[in-house]
Structure formats: C-alpha cells, structure tokens
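See structure below.
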Amino acid sequence: MTKLTVKVDGMVCGMCEAHVNDAVRAAFPVKKVTSSHTKGETVILTERDIDEQALRDAIGATGYEVQSVTAEPYEKKGLFGRK
C-alpha cells in the first residue's frame, strides 16, 4: 500500500475538501482519501500506482492547484499490526 500526500492550493472550506475527495475517488481506485483545507493537503491510500500527472489533472479540473506530491510506503498501524 502507498500513501500519497498531495499539497493542494485553494481549498478554503469543508466543501472544497469534498470536491477534491470526490475528484480523486472518481478518477482512481483508492482505498481512502481525506483532505484538510487547514493543512492544505490531501492524503490518499492506494494499492495501485497513480500517475502523478493524471492526479494533478484530476484535482486541477476541480479548480484547485497541486503544489507537490510525495509518496511513501504505508503499513496499517494499530493493535493487530503489533508483534
């Protein structure tokens, strides 16, 4: 699983977050997507690779601008993940 952190410029409210989340869900098969206008970022959990330019285009089509995209491996944490 991969965690993508996308810095998004232009989100100012909860509805903005919903627009970005909906655009990502419509364009890609993701496990989870959450956005925060206060942090100016969207976090995506996915099992498949997502093309960065396609992601930029999908979010850009909603009127928001992607500033950066960083990817890192993601492992679920919690009680059942402990050894």
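General remarks:
- In this label model, LYS77 and VAL43 are separated by 0.9 nm, measuring between points 7 Å along each Cα→Cβ vector.
- Residues with amide H under 5 Å from that of LYS32, placed H, sequence gap 5 or more: LEU45
- Value at 222 nm in deg cm²/dmol, rounded to 500, when DSSP H runs of n ≥ 4 in the chain each add -39,500 (n - 2.57): -8500 deg cm²/dmol
- Spacing of the modelled spin labels on THR2 and ASP57, each 7 Å from Cα toward Cβ, amounts to 1.7 nm.
- From the coordinates shown, Rg/Rh (Cα atoms, Kirkwood Rh) corresponds to which of [x] 1.00; [y] 1.05; [z] 1.44: [x]
- A straight Cα-to-Cα reach below 21 Å connects LYS3 with the lysines LYS31, LYS32, LYS39, LYS76, LYS77, residues fewer than 8 places away in its own chain not being considered.
- Within a Gaussian network of the chain (alpha carbon springs, distance under 10 Å), most fluctuating of GLU41, GLU72, GLU17: GLU72
- Derived scalar couplings ³J(HN,Hα) [the range 16-31; Karplus, 6.51 cos²θ - 1.76 cosθ + 1.60; whole Hz; x for Gly, Pro]: 4, 4, 5, 4, 5, 4, 4, 5, 5, 4, 5, 8, 9, x, 9, 7
Quick note: the coordinates plus some simple rules give every number you see, no bench work behind them. Because the structure is predicted, anything quoted here is derived from the model rather than measured. Here Cβ is always computed from backbone atoms with ideal geometry, including for glycine, and neighbour counts include all displayed protein chains.
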